[in-house]
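I have placed the structure first, in the form of C-alpha cells, so that the comments after it can refer back to it.
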Amino acid sequence: MAAGQIGIIVILVLALAVMGGGYIAYINIRDKIRLFTRMAFGSDTIKGSFENMDREAEITPKSVSAATKLYLPQILRDFPEFHYDEMKNRAENVLTGFLAGIDEKNPARLTEGITSELREKLNLRISALINEDAEEHYRNIKIHRTEIKIYRKLKGRCSIIFQSSVQYHYLKKRDGNVLEGAEDRLKQSRYNVEMIYIQDRDLVENQADSGLAMNCPNCGAPLPKLGAKKCLYCDTPVEEFNIKIWHFSDVEET
C-alpha cells in the first residue's frame, strides 16, 4: 500500500473519530436538554415545553396581594359597622358587572353603589369599542379569590382596594376577526376594585369631580349637586344624597 493511500486512510479515520466524538457530544447535550425541559416543563422538546407553560398559565389562578389580616382591624376600628364579607361580595359584583358591561356594551350592568368616575370609565371603554367597530367579550367569569390589598386614609376620604384573581374566556374581535384571545382558552388575570368613603362634604363639593354618582331614580339623569331635592329633567323628588357611605370608584386590571 502506497504511503499516500496510508495517509488518506489515517485522515479518514481521524475525521471519523472527530465526527463520532462530535455526535456523542451532541447526544449528551440533547439528552441533558431533554432531561432539563422534562423536569422543568414536562416535555422533551422546547416547543412542547412552551405549550405546557401556556396550558399551565391558562389554568393557574393569579396570586393576589392578601393584606386583609393587616388592614381589616384598622378598618374596623375606624368603621365598626363595616361588614367585610358583604363588602367583598359587593366588590366582586362590581367587577363582574364592569366586565359584563364591556361585553354587552351596556353601562347599566353596573348597578352597585358606584361613582360617576367609574361609570364614565365604563362609558369611555364602550365608546372606544363602538368607534373601533370592535367587540370585547368576557365569558364564564369566575373569581377565585378576593382580598384587601390596601387601606388608605386621606383628608376627607378613605379608600379600600380589593384585589381579585379572575378567570374567563376572553375574546376581542373586529369585523369577525379575532384580535386577541381564543374561545377555547382560559385567561387568568388580576383586578383591583377601589371603594371610597367621603367624610368631608366641603372637600367633595370643591372637587371638579366629586367621585359620587348622583342620578335621578326615575329617568337616570345626573343630579347637579349634593343635596338636590328634585330632578331638573323630570321633576321627580329625590332624597338627599348620603355621602357617608362606601362607593366604588375604580376597576383596574393589574
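Every number here is computed from the coordinates shown, using simple stated rules; none is lab data. Just so it is clear, the model here is predicted, and its values are computed rather than measured. Here Cβ is always computed from backbone atoms with ideal geometry, including for glycine, and neighbour counts include all displayed protein chains.
Structural remarks
- Sorting 146, 254 by the number of Cβ atoms found within 10 Å of their own Cβ, with the fewest placed first, yields 254, 146.
- Packing here is the average count of other Cβ atoms within 10 Å per residue, and on that basis the peptides 74-80, 92-98, highest first, run 92-98, 74-80.
- Loop-located trypsin sites (Lys or Arg not before Pro) in region 104-188 (DSSP state not H, G, I, E or B) with no more than 11 neighbouring Cβ atoms inside 10 Å: 155.
- Debye log10 I(q)/I(0) at q = 0.16, 0.23, 0.25 Å⁻¹ for region 127-182, Cα point scatterers: -0.70, -0.86, -0.92
- Amide H partners (placed H, <5 Å) of residue 62, local residues excluded: 166, 189
- When the pairs 142/172; 69/187; 69/173 are compared against a 30 Å limit on Cα-Cα distance, 69/173 fall above it.
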